[in-house]
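See structure below.
The values are calculated or read from the model by the stated rules, or taken from the named source; none is laboratory data. Remember, predicted model here, so these are calculated numbers, not experimental data. Neighbour counts are summed over all protein chains in view; Cβ atoms, including those assigned to glycine, are modelled from backbone coordinates with ideal geometry. Surface areas here come from the heavy atoms of the whole protein model, side chains and all, with no ligands, DNA or RNA. Shrake-Rupley method; radii C 1.70, N 1.55, O 1.52, S 1.80 Å.
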Amino acid sequence: MKTRITRSERIAAGYIRKGDIAAFPTETVYGLGADALSDRAVRKIFRAKGRPHDNPLIVHIAARDQLSLLASSLPRAARLLIDRFFPGPLTVIVRKTKSVPAAVTAGLPTVAIRMPDHPVARKFLKLCGRPVAAPSANRSGHPSPTTWHAVETDLGGRIPCILRGGRSRVGLESTVVDCTAARPVILRTGAIPVEQLRKMIPSIRIHTENRSRRVKSPGMKYRHYAPAADVVIVRSPGEVRDPRNAAYIGIDRPRMKFRRTLVCRSSASYGHRLYAFFRLCDREGIPVIYCQQVASKGLGTAVMDRLRRAAHR
Ligand code: TXA
Ligand code: MG
């Protein structure tokens with residue numbers, strides 16, 4: 001299949017409207033979209049990515065009035081979060097309507113919903129004229145793509161269209177909050193820091209799988225967000241014995257010479273550049289990437305979550 005690369009939201013939306021799939025930029029990472037209300041269209045996403053069918057998708061909307069198509073009810077926590085963070089890099093999980101096909105939610109009675117805050121994504125979603133189911137636009141298991149080029153590397157020849165935009169502003173995926181329980185749960189830390197959510201919902205808690213790498217649960221069956229290289233988390237660059245055939249990313253500048261070094265000025269910048277750095281190291285065939293740990297606050301919480309998952313074999 002030839003992959004058409006376009007800057008036209010209208011052309012890309014045309015693929016979704018005719019029941020096909022297309023990749024598009026968002027402020028978090030690039031997504032691979034399909035008509036969320038079409039079982040046939042959504043199945044194409046799983047095929048192109050090689051995604052396990054038990055991993056549900058996030059449904060993207062352009063406007064609030066699409067919520068009622070998807071959500072059978074909006075609990076108070078969901079309403080609070082939607083008012084405060086839509087459009088933006090937050091995903092809420094609520095009970096689904098009958099219109100949402102089982103393929104989207106992996107058979108769950110709930111659906112994940114997000115309204116991106118990216119001018120190209122918003123225009124594209126509006127032109128699609130329906131909710132769009134979209135996981136990150138990478139081959140299953142790989143780091144999420146933060147450039148259209150990374151999408152092409154992973155899915156070129158496997159999808160009909162890539163809507164071209166710039167580099168994703170955040171570079172880490174949305175924060176996912178399950179609002180169906182009395183006490184809302186953060187299932188995936190991400191672009192909206194926990195501290196901000198806690199201000200809105202003081203009782204919110206983080207799903208324990210995010211805290212400890214030892215806990216095995218269904219979502220941890222798969223290695224995620226991972227480069228081909230081995231990822232090793234270090235407290236400081238001084239811990240590394242042999243840097244010659246390795247790469248380093250972190251906040252502190254190492255004294256030794258690595259094959260590739262990326263020093264970031266903050267956790268936000270670390271998160272913004274992490275996936276592109278993983279991909280660069282893979283292109284250069286670097287076998288080990290040493291990643292400095294960061295404090296678990298602000299975007300650092302999501303950075304640490306992704307590093308642990310990438311390091312998990
Ligand atoms: O920033 C993002 O969220 C990006 C952009 C494209 O919007 N999307 C993204 O999608 O990261 P994906 O498929 O790579 O990750 C979706 C996450 C998965 O961990 C999935 O298990 C979870 O959301 N999820 C989706 N629906 C769910 C549901 N009904 N219940 C629990 N978890 C759900
Ligand atoms: Mg993904």
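When residue 199 is tested against (1) more than 16 Å from ligand 2 (Cβ to nearest atom); (2) under 23 Å from residue 14 (Cβ atoms); (3) over 16 Å from the mean Cα position of the chain (by Cα); (4) open to solvent by 10 Å² or more (accessible area, probe 1.4 Å), exactly one condition is not met: (2).
Selection of segment 1-38 for residues being assigned to a helix (DSSP H, G or I) and in contact with a Pro (Cβ under 8 Å, 6 or more places away or on another chain) yields only 15.
With respect to the conditions (1) closer than 30 Å to residue 200 by Cα; (2) in contact with a strand residue (DSSP E or B) (Cβ under 6 Å, 6 or more places away or on another chain); (3) open to solvent by 30 Å² or more (accessible area, probe 1.4 Å); (4) more than 16 Å from ligand 2 (Cβ to nearest atom), residue 179 falls short on a single one, namely (3).
Within segment 43-62, not a single residue is more than 16 Å from ligand 2 (Cβ to nearest atom), among the basic types (Lys, Arg) and farther than 25 Å from residue 223 by Cβ.
Only one of the listed residues (83, 54) is among the charged types (D, E, K, R), touching a helix residue (DSSP H, G or I) at 6+ places or on another chain (Cβ under 8 Å) and either touching a residue at least 40 places away in the same chain (Cβ under 8 Å) or closer than 30 Å to residue 204 by Cβ (or both). That residue is 54.
Does segment 11-24 contain any residue that is within 16 Å of ligand 2 (Cβ to nearest atom) and not β-branched (Val, Ile, Thr)? Yes: segment 11-24 contains one or more residues that are within 16 Å of ligand 2 (Cβ to nearest atom) and not β-branched (Val, Ile, Thr). Here is the figure for segment 278-302: residues that are in a loop (DSSP other than H, G, I, E, B) and touching a residue at least 40 places away in the same chain (Cβ under 8 Å) total 7.
For segment 264-300, a residue qualifies if it is open to solvent by 40 Å² or more (accessible area, probe 1.4 Å) and touching a Phe, Trp or Tyr at 6+ places or on another chain (Cβ under 9 Å), and exactly one does: 290. Restricting 235, 214, 198 to those that are more than 23 Å from residue 56 (Cβ to Cβ), modelled with pLDDT under 95 and away from ligand 1 (no atom under 15 Å from the Cβ) reduces the list to 214.
Considering 17, 64, 43, the condition of being touching a helix residue (DSSP H, G or I) at 6+ places or on another chain (Cβ under 7 Å) and under 16 Å from residue 125 (Cβ atoms) is satisfied by 17 alone. Only one of the numbered conditions (1) over 23 Å from residue 172 (Cβ atoms); (2) over 18 Å from the mean Cα position of the chain (by Cα); (3) not basic (Lys, Arg) is not met by residue 53, and that is (2).
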